[in-house]
Amino acid sequence: MLELTNTWRNRIAPLAGLELAAEPGTAGGDVSHPSAFLIIPSVRRDEIREIMVARGEEVISSILELTDGMEEIPSSHLVPSELRPTTKLDDWGPIPVIDMSLKDRNVLKKLVGDAARDWGVFQVINHNVSIPELLSVGEEVKLFFHRPCENKVKLELEPLKILDTEVYYTGDNTKEDLHSLYWAESLVCLWKSWSKITEKVTRSSDLIFPGGNEAFRSGTNEIVMGCRILTVEVLHLLAEYLGLEAGFFSDHCFPEGSSLFRWNYYPSCPRPNETLGAIAHTDPNLLTVLYQDEAGGLQVKKNDVWYGVQPMTEALIINIGDCLHIFSNAIFHSVVHQVLVNEKAHRLSLAAIYYLEQQTDMTAPDSLVTEKRPRMFKSLSAHDYWTMIFNERREHKFPKSLNGLEALRDFIRRPQEQTA
Ligand SMILES: O=C(O)CCC(=O)C(=O)O
Ligand SMILES: [Fe+2]
């Protein structure tokens with residue numbers, strides 16, 4: 001692994017414009033973009049593939065191609081036994097479901113705030129994001145995933161960029177990759193700010209479907225707008241719940257923060273108990289709006305127990321991310337979640353991911369610090385956090401590094417530093 005780390009550190013990181021920390025595990029250096037840790041693996045995947053091939057290890061380009069008639073799953077996809085699913089996919093938990101059309105704002109605020117505090121996750125209905133539109137874009141995305149492997153891998157090795165729009169695919173499942181290590185493929189559209197977002201959505205659409213795809217373009221545009229409105233509304237409610245100005249969180253997210261749409265495709269799997277669609281992790285961003293289809297598989301952890309999130313046709317899921325956890329002095333809970341796969345059906349999900357502007361100082365306001373709840377974190381900016389988590393993910397093998405809150409240990413204040 002040292003060999004790989006050095007290759008990464010000396011050759012690939014500079015290519016990507018990154019300066020990494022001098023010592024493994026220490027935060028530092030510079031990350032050119034908050035989403036860099038999501039982008040960079042595609043830069044180095046080529047190298048990893050070469051190394052694995054040289055070692056005679058199995059390298060798979062697209063699990064979707066493998067699933068036909070397969071009885072066992074390749075060794076590259078076996079998850080260590082201690083991380084395998086321990087509960088059934090349909091062990092649904094009592095995850096709050098909140099009706100966003102509730103007229104009484106105080107009631108709505110309390111429901112949303114309590115859910116973010118107690119669970120870090122909740123489902124919303126009557127949210128004004130068009131689910132039919134989302135499903136129709138999802139059908140186009142499936143066409144992408146069912147393209148021949150070579151076609152997808154090209155987008156994996158050479159992410160396509162125009163100005164501050166980028167699209168890339170992950171799916172080769174090499175051991176060092178972050179998201180596609182497991183039984184999943186992803187298609188990502190990244191937008192590095194909100195200015196001219198409609199134009200940017202068109203660019204991403206043209207990159208993925210060079211011949212044009214009106215259903216994908218217009219549908220994505222509509223969902224981007226709908227999810228933004230929903231996100232702002234949820235962030236307002238959360239800020240008000242804490243007694244802060246409504247825009248306290250959202251003003252750092254819009255219009256200059258980045259966002260991305262990640263479509264995840266989890267092919268059906270002959271041995272669902274031996275692998276995972278996504279390993280237990282927290283989202284390193286501020287907040288994620290998630291759609292899952294009827295196959296189900298998302299699980300969230302609360303008090304060390306895994307609960308399934310029951311699919312609801314009209315609902316979207318809101319996940320609280322690490323940055324909201326830090327910014328709220330840990331009043332809101334960054335939820336640990338994972339994805340189980342199943343034998344019968346392919347599963348599609350969409351994660352709409354919202355980042356803070358990089359320079360945002362995530363120091364929690366004094367009003368959230370009390371004697372009972374001392375200041376939990378040392379001052380850090382969104383950029384500091386991303387740098388840290390980026391280095392952490394680079395230096396440690398999975399799975400430890402995927403839990404952003406564990407990676408935060410250097411930023412947690414020791415008891416003697418915790419003053420109200
Ligand atoms: O597919 C899902 O339900 C969850 C995906 C996820 O956790 C992510 O993209 O960060
Ligand atoms: Fe996630």
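Data overview
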{"quantity": "Amide H contacts under 5 Å for residue 381, placed H, 5+ residues apart", "calculated": "362"}
{"quantity": "Most to least packed among 101-112, 284-295, 251-262 [average Cβ atoms within 10 Å]", "calculated": "284-295, 251-262, 101-112"}
{"quantity": "Charge sum, other residues only, whose C-beta stays under 11 Å from residue 295's C-beta, Lys/Arg counted +1 and Asp/Glu -1", "calculated": "-2"}
{"quantity": "Nitroxide proxy distance, nm - points 7 Å out along Cα→Cβ at residue 246 and residue 88", "calculated": "4.5"}
{"quantity": "Gain on full stretching of the segment that runs from residue 373 to residue 131 - 0.36 nm per residue minus C-alpha separation", "calculated": "83.1 nm"}
{"quantity": "Sorted peptide list for 335-342, 87-94, criterion being average Cβ within 10 angstrom, highest first", "calculated": "335-342, 87-94"}
{"quantity": "Mean Cβ neighbour count within 10 Å, used as a protection proxy, ranking 137-145, 373-381 highest first", "calculated": "137-145, 373-381"}
{"quantity": "Label point at residue 114 placed 7 Å out along Cα→Cβ; residues across the stretch 322-363 whose backbone nitrogen lies under 18 Å", "calculated": "331-333"}
{"quantity": "For residue 347, distant residues with modelled amide H under 5 Å away", "calculated": "266, 268"}
{"quantity": "Sum of side-chain charges, residue 96 neighbourhood, beta-carbon under 15 Å (Lys, Arg +1; Asp, Glu -1)", "calculated": "+1"}
{"quantity": "Candidate lysines for bridging to residue 301, where Cα separation is under 30 Å - those fewer than 8 sequence places away on the same chain excluded", "calculated": "88, 109, 110, 142, 175, 344, 372, 378, 397, 400"}
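Throughout, read-outs are computed from the coordinates displayed, never taken from laboratory work. Worth saying up front: this structure is predicted, and the values here are computed from it rather than measured. When we count neighbours, we look across all protein chains shown, and the Cβ atoms used for this are built from the backbone with ideal geometry, even at glycine.
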